Amino acid sequence: MFNDIGALELVTLVVLAVLVFGPDKLPKVIQDVTRTIRKIREFSDSAKQDIRQELGPEFKDFEFEDLNPKTFIRKQLDNDELGLKEIRNGFDLKKEMAEVTDAVHGRDAEPSSSGSSAGSPSSGSSSAASGGGRVDMSKKPEKPGKTDKPADDRPPFDMDAT
C-alpha cells in the first residue's frame, strides 16, 4: 500500500502529524486509524468470501486482482494456449526497425539480415525492397519534361481524400 513512500516522506508525515494532533493525542489517533483500517480489511475480506460463495464452485480459482485490466492482460499474454510466446520470440523489433530505417534512408540492408529473416512477416517486403526495383524514398523523384516548376512544389490539399 505504501511501497513508494521514502524515508524523507515518512519523517515529514510524522512531523506533520505531531504538529497537527500534538504529542498528547497522537497515540490515540494512531490507534483509531489502525482500528479503522483493520475494520475495512475485515469488511473487504468478508465481502470477497460472500461473492466467492455466491459465484459457486465454477469460480473457485477466481481472484479479484484479475479484475484489474493490467493484470488480466498480463495473465492472458502469459497463457501459452494461443501460441503468443512463439510469435513474441520470433519478432525482433530492433531488427525490423533497423530495416525500416535503412529503407527510408536509402541504405542497403546487410545481406546476412535478409537471409535470417526468412520467417518474419516483413521478409517479403525487405526482399522486394532490396531487389532491382528499389525506390529511394529520401530524394524527390524528378518528373521528365516538367522543369518549369520548382522541385518542392506539392500537390494541393484535398479535404475529401482525408
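The values are calculated or read from the model by the stated rules, or taken from the named source; none is laboratory data. From a predicted model like this one, the values you see are computed outputs, not experimental measurements. Please note: Cβ atoms are built from the backbone with ideal geometry, for glycine as well, and neighbour counts cover all protein chains shown. Quick note on the areas: whole protein, heavy atoms, side chains included, nothing else; ligands and nucleic acids left out. Shrake-Rupley method; radii C 1.70, N 1.55, O 1.52, S 1.80 Å.
If I filter segment 51-65 for residues that are open to solvent by less than 80 Å² (accessible area, probe 1.4 Å) and of a type in the set (S, T, N, Q), do I get at least one hit?
Scanning segment 51-65, I find no residue that is open to solvent by less than 80 Å² (accessible area, probe 1.4 Å) and of a type in the set (S, T, N, Q), so the answer is no.
Residues checked against (1) aromatic (F, W, Y); (2) modelled with pLDDT under 80:
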{"site": "F59", "(1), (2)": "yes, yes"}
{"site": "N68", "(1), (2)": "no, no"}
{"site": "K95", "(1), (2)": "no, no"}
{"site": "H105", "(1), (2)": "no, no"}
{"site": "D108", "(1), (2)": "no, yes"}
{"site": "P121", "(1), (2)": "no, yes"}
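Going through segment 1-11 one residue at a time, which ones are within 25 Å of I40 (Cβ to Cβ) and either modelled with pLDDT of 90 or more or in contact with a strand residue (DSSP E or B) (Cβ under 9 Å, 6 or more places away or on another chain) (or both)?
Matches in segment 1-11: E9 only.
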